[in-house]
Amino acid sequence: KTTAIVGCPFSGGQPKAGVDQGPIRLIEAGIIKDLEGLGWKVKFDGHHQFEDISATNDPPIGILKNPRLVSRVTQSVAKVVGDHVAKGELPVTLGGDHSLAMGTISGTLSKYPDACVIWIDAHADINTAETTKSGNIHGMPVSFLLGLGPKVDEFSWVKPLLRTDRLVYIGLRDVDAGEKKILRDNNIKAFSMHEVDKYGIGKVVEIALDHVNPGRDRPIHLSFDVDALDPSVAPSTGTPVRGGLTFREGHYICEAIYETGLLVALDLMEVNPSLADQASVKQTVAVGCSLVRSALGETLL
Ligand SMILES: N[C@@H](CC/C=C/[B-](O)(O)O)C(=O)O
Ligand SMILES: [Mn+2]
Ligand SMILES: [Mn+2]
Ligand SMILES: [Mn+2]
C-alpha cells in the first residue's frame, strides 16, 4: 500500500501569513517515517510543489481575494491528487489553507465519482460568492464542489461532482447565517458540536457514515481542518473557535474512518506554525501528525 504526501505550501485562500509553512513543519516532525513505520510505502514530491504558480495581476473578483492564484493552485492540486488516486495511491494532502480542498476533492471525485466526503471542521466552508462576507476563499470550497451559488468564471474548471447527499460535516460551531441557509435548503447532513455532545463521537461517526455510506461500499475522502479541534488542542491555526473536539474525539474520527477500509484520500489543513508560541506550534504540528497516523492505521492496541 502506497501513500503520497502532497505538501501544499499555500496560504492564498485566507489572510494570515504562515499557513504555507504547515507542510514543511509536518514533514520535519517526521510524518514520512511515521507512515513508513505503519507499513506504508511513502512517496513525497518535495516541499516546493505549486510554489511556481503565480498570478501577477490578481485583483479581487467581487470581494473574492486572490481568485486567480487560488484557482490555478487548486486546479494543479486536483491534477496531482487525481493522478495519485488513479494510480491506487492514497494522497495525504498537507495544507496550507482549506481552499485547497477544491483541488483535492475534485481530484478524488474525478477518479471515484461515487466517493463520499467527510468534512471535519468548525466551519462549513460553503459560502458562495453571494454569501461570503470575508472574500476569503478558504470559506468557500464546498460551494464550488457542489456547484452552488453564482458562477465565477475563474473557477469554471471546478466541476460540480460532489452531491449534497454524499457530504457530511462533523465539528461545526461557527457557521455563517448564509451558510446555515444553504445547509438547510440543501438538506446537507451536519453534526455540530451540539450533536457530538448529545450522542457522543462514536454514534455521530456511525450515523454520519450511515448517511453518506450506508452500504460501507463507497470510497471516503476525509478532509480534516485542524480548527475542528478545540483551540486548547490545536492552537496554531488561523480561525480558532472555542468549544471544539477533544484530542480523542479528533483521533476517534480518524481511527473509525480507517477501520472502514474505505479511505482513499486525506487532507490535513490549516496548521499555521507562525501563530501562537513555539510550544503551541509544536503541539499543533504533533497533533496534525498524530491525526494522519490514526487515519492511516495507527491503533492504540
Ligand atoms: N465562514 C468564515 C470562516 C471561514 C473558515 C475557513 B476554514 O474552515 O477553512 O478555516 C468565512 O467565510 O470567512
Ligand atoms: Mn506525485
Ligand atoms: Mn476549513
Ligand atoms: Mn475551519
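Suppose we filter 103, 171, 107 for residues that are outside any loop (DSSP other than H, G, I, E, B), buried (at least 24 other Cβ atoms within 10 Å of the Cβ) and away from ligand 2 (no atom under 16 Å from the Cβ); which single one remains?
Details: 103 fails: away from ligand 2 (no atom under 16 Å from the Cβ); 107 fails: away from ligand 2 (no atom under 16 Å from the Cβ).
Going through 103, 171, 107 in turn, the sole match is 171.
Picking from residues in segment 112-132 that are in contact (Cβ under 8 Å) with a residue 60 or more places away in the chain and open to solvent by 50 Å² or more (accessible area, probe 1.4 Å), the one that is nearest to ligand 1 (Cβ to nearest atom) is 112. Output the residues belonging to segment 85-117 that are over 26 Å from residue 16 (Cα atoms) and of a type in the set (A, V, I, L, M). Residues satisfying the conditions are 85, 86, 90, 109, 115, 117. When 4, 29 are checked against the criterion of being touching a Lys or Arg at 6+ places or on another chain (Cβ under 7 Å) and not aromatic (Phe, Trp, Tyr), 4 stands alone in meeting it.
Within segment 224-265, being assigned to a loop (DSSP other than H, G, I, E, B), under 24 Å from residue 35 (Cβ atoms) and not β-branched (Val, Ile, Thr) holds for 234, 236, 261, 262. Determine whether residue 46 is within 16 Å of ligand 4 (Cβ to nearest atom) and either surrounded by fewer than 19 Cβ atoms within 10 Å (Cβ to Cβ) or aromatic (Phe, Trp, Tyr) (or both). So residue 46 fails the test. Taking the criterion of being open to solvent by 50 Å² or more (accessible area, probe 1.4 Å), charged (D, E, K, R) and farther than 20 Å from residue 94 by Cα, the only residue of segment 50-67 that qualifies is 65. When residue 138 is tested against (1) more than 16 Å from ligand 4 (Cβ to nearest atom); (2) part of a helix (DSSP H, G or I), just one condition goes unmet, and that condition is (1). The condition of being at positive phi and either surrounded by 20 or more Cβ atoms within 10 Å (Cβ to Cβ) or in a loop (DSSP other than H, G, I, E, B) (or both) holds for only one of 39, 82, that being 39. Screening the candidates 268, 291 for the property of being at pLDDT 95 or above, part of a strand (DSSP E or B) and within 15 Å of ligand 3 (Cβ to nearest atom) yields one hit, 268.
The values are calculated or read from the model by the stated rules, or taken from the named source; none is laboratory data. Every value quoted in this text rests on a predicted model; they were computed, and no experiment measured them. All Cβ positions, even for glycine, are placed from backbone atoms using ideal geometry, and neighbour counts span all protein chains on display. All accessible areas refer to the heavy atoms of the entire protein, side chains included, with ligands and DNA or RNA removed. Shrake-Rupley method; radii C 1.70, N 1.55, O 1.52, S 1.80 Å.
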